[in-house]
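Report on one structure; see the data block that follows.
Just so it is clear, none of the values below were taken in a lab; they were calculated from the coordinates. If you're wondering where the values come from, they're calculated on a predicted model, not measured in any experiment. For neighbour counting, all protein chains shown are included, and Cβ atoms are generated from backbone atoms with ideal geometry for every residue, glycine included.
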Amino acid sequence: MNNKISVQLYTLREQCAADFPGVLRELARIGYGAVQFAGFYGYDRAMLRSVLKETGLQVSGLHYGGDELLNEPERAIAEAKFFGTPDIVCAGIGEEYRDEAGYRLLKLRFNELADRLQSEDLRISYHNHAFEFETAVDGKDGLSYLIAPEEDNVILAEPDVYWLKKGGHDPVEFLAPYAGRVPILHMKDMTDDEEQAYAEIGTGTIDFDAIIRWGEESGVEWYVVEQDSCRTDPLECVKTSYSNLVWLMKKIKEEEEVRHG
């Protein structure tokens, strides 16, 4: 399972802006199997791809804003093919979409885009925050409406377990209907205090044991560490998250081997 651990590079945005190749090499030394891009900070894409090849890092998707995807789909398609990933992810939407009419429009437009992507062997996922739970559409919250597991809806999910909990949901209970529709799962913990801030995996209140077990049964291809802001050095934070994820995955694997004899 360890080779399924990735990191969203937005967590390390300042470090990437200063020395992107150095960050990639350090992540490979830590043990990460992949990275997920959210911009390139002015660096040449061919040079970054060469560092990925050098280090053996894969690419577990590319993040774009909603308007970027709708207005510049060809750029996203070209970049996904260039970096050898099938996954294009909507990382967020503007406030102008955060009402019933906006969600209806997005679902229509993203499904149209998904049809286009399928012809290129690509797929689109939606990355949630907590605001989607504030709007109702057809008796569902905005997120459940967008990623509804229906045959005619080809928008996949990139659930963020922190934001699911922040939005008032038990992550595993929320994830239950989406088996086979979550190629990528975003992983960050929540501090056990009034702030409920972002935290390194295994240091807070989220039950990652149950989440990983669900993921392994439900087709998750990448577990992506993301920490929007860090109280200490971001590289140390992602190192802690990686170490704790590896430990959890090893424990789960050993328990499953015992259970199955």
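For CYS230, neighbours were defined as the other residues whose beta-carbon sits under 14 Å from its Cβ, and their charges (Lys and Arg +1, Asp and Glu -1) total -4. For the chain, the relative contact order works out to 17 percent when only alpha carbon pairs closer than 8 Å and six or more residues apart are counted.
Cα-based values for the stretch 129-261, radius of gyration first and Dmax second, are 15.5, 47 Å. For the chain, CYS16, CYS90 have no disulfide-compatible partner, since no other Cys C-beta lies under 4.7 Å from theirs. Working from label points 7 Å from Cα in the Cα-to-Cβ sense, the ASP44 to ASP192 distance is 5.0 nm. Measuring against 23 Å, Cα to Cα, the residue pairs LYS53/LYS251; LYS4/LYS251; LYS188/LYS239; LYS4/LYS81; LYS4/LYS166; LYS4/LYS188 contain LYS53/LYS251; LYS4/LYS166 as the ones spanning a longer distance.
Working note: 222 nm ellipticity from helices only, DSSP H runs with n ≥ 4, each -39,500 (n - 2.57), summed and divided by the residues of the chain, gives -14000 deg cm²/dmol to the nearest 500. Filter the GluC sites (Glu not before Pro) in the stretch 126-211 to those in DSSP coil with at most 14 other Cβ atoms within 10 Å of their Cβ, and list the result. Within the stretch 126-211, the qualifying GluC sites (Glu not before Pro) (loop, at most 14 other Cβ atoms within 10 Å) are GLU150, GLU151, GLU194, GLU195.
In order along the stretch 104-114, phi translates into HN-Hα couplings of 4, 5, 4, 4, 5, 5, 5, 5, 4, 5, 4 Hz, rounded to whole numbers, per the Karplus curve 6.51 cos²θ - 1.76 cosθ + 1.60 with θ = phi - 60° and x for Gly and Pro.
Extension gain, GLU221 to LYS53: 0.36 nm times the residue separation minus the Cα-Cα distance gives 58.5 nm. Of interest is the spacing of the C-alpha centroids, which for the stretch 244-259 and the stretch 24-87 amounts to 29 Å.
On the beta carbon distance between ARG259 and ASP228, with R0 = 35 Å, the FRET formula returns roughly 0.45. Relative contact order for the stretch 186-261: 31 percent, from Cα pairs under 8 Å spaced at least 6 residues apart, divided by residue count.
Projecting label points 7 angstrom from Cα along Cα→Cβ for ALA18 and SER119 puts them 4.6 nm apart.
What the phi angles of the stretch 49-58 give under the Karplus curve with 6.51, -1.76 and 1.60, with θ = phi - 60°, is a coupling list of 5, 5, 5, 4, 5, 4, 8, x, 6, 8 Hz, glycine and proline written as x. Hey, for a label at VAL172 modelled as a point 7 Å past Cα toward Cβ, could you say which residues of the stretch 190-231 have their backbone N under 12 Å away? Counting backbone N atoms under 12 Å from the label point, the list is 207-217. Global size of the stretch 2-259: 17.6, 52 Å for Rg and Dmax (C-alpha atoms, Rg to one decimal, Dmax whole). The ranking of ILE93, ILE30 by Cβ neighbour count inside 10 Å, starting from the fewest, reads ILE30, ILE93. Multiplying the residue separation of ASN111 and VAL246 by 0.36 nm and removing their Cα-Cα distance gives an extension gain of 45.1 nm.
On the basis of the beta-carbon distance and an R0 of 25 Å, ARG98 and ASP152 show a calculated FRET efficiency of 0.60. If both residues of a DSSP beta bridge must be in the chain, then about 15% of such bridges are antiparallel.
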